[in-house]
């Protein structure tokens, strides 16, 4: 097993992080309860919506780098309970998270998914054909494409791209503009130990959040012992 694979599988211990960070580790139900309590949502409705999500995740037909089933269920439930219609994904990769997002917004919503490697055969290759009518794939760089998006036009952003300080900071800065008031941004891999350009992914992403002045706005979740970490923020403007 190569070093990167070992890092991807390294368990996340909340005590290894700054105690000021809001990190919640537990089962899907436990994390949904915290989301409901923290953001004033109905826990029973969240749980019921999560059960409706039929797509899998990492180690269930999707390769390394994909979200887990439980992470997808949490995102799906949030989209459904709030009736979101327009979702932006930054980083398509194989399309695992794209499936969860598109399934959540149907039948009347849409997903815009940006990836600067859309010419590669693997990008979007595992998207369910039945969901493609709800998805618009955009081949482009996030630094170019995000400024093109209209102000106050997006309900939720799911970011899972380069995991660098500059990309994280830029996405958060753009989120303030393009999200509707009270819209959401969710970041993936925020607590992961794998290295990106010789620096741990979690160090880069948490630094980007801090540079955007939003460290106190995020709640970070380790759902069902995921080794990635997923972070939620409701952006109040």
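Among the residues of segment 181-199, the ones that are over 30 Å from residue 150 (Cα atoms) and free of Cβ contacts under 8 Å to residues at least 60 places away in the same chain come to 4 in all. Residues that are in contact (Cβ under 8 Å) with a residue 40 or more places away in the chain and not in a loop (DSSP other than H, G, I, E, B) within segment 217-237 comprise 219, 220, 221, 222, 223, 230, 231, 232, 233, 234, 235, listed in sequence order. When segment 223-237 is limited to residues that are closer than 15 Å to residue 15 by Cα and surrounded by fewer than 22 Cβ atoms within 10 Å (Cβ to Cβ), the one that is modelled with the lowest pLDDT turns out to be 225.
Would it be correct to say that residue 88 is touching a helix residue (DSSP H, G or I) at 6+ places or on another chain (Cβ under 9 Å), buried (at least 24 other Cβ atoms within 10 Å of the Cβ) and farther than 12 Å from residue 55 by Cα?
Judged against the criteria, residue 88 is a match.
Do the conditions hold for residue 67, that is, is it closer than 24 Å to residue 113 by Cβ, touching a residue at least 24 places away in the same chain (Cβ under 8 Å) and part of a helix (DSSP H, G or I)? No.
Of the set (1) part of a loop (DSSP other than H, G, I, E, B); (2) within 19 Å of residue 129 (Cα to Cα), all apply to residue 111 but (1).
Of all the numbered requirements in (1) more than 28 Å from residue 41 (Cβ to Cβ); (2) more than 17 Å from the chain's Cα centre (by Cα), residue 115 misses one, and that requirement is (2). crowded, with 20+ Cβ neighbours inside 10 Å and assigned to a loop (DSSP other than H, G, I, E, B), is that true of residue 192? So residue 192 passes the test.
Can you tell me which residue within segment 117-141, out of those that are in a loop (DSSP other than H, G, I, E, B) and out of contact with any strand residue (DSSP E or B) (no Cβ under 7 Å at 6 or more places or on another chain), is nearest to residue 64 (Cα to Cα)?
122
The values are calculated or read from the model by the stated rules, or taken from the named source; none is laboratory data. Just so you know, these numbers come straight off a predicted model, no measurement behind them. As a convention, Cβ positions derive from the backbone with ideal geometry for all residues, glycine included, and neighbour counts pool all protein chains shown.
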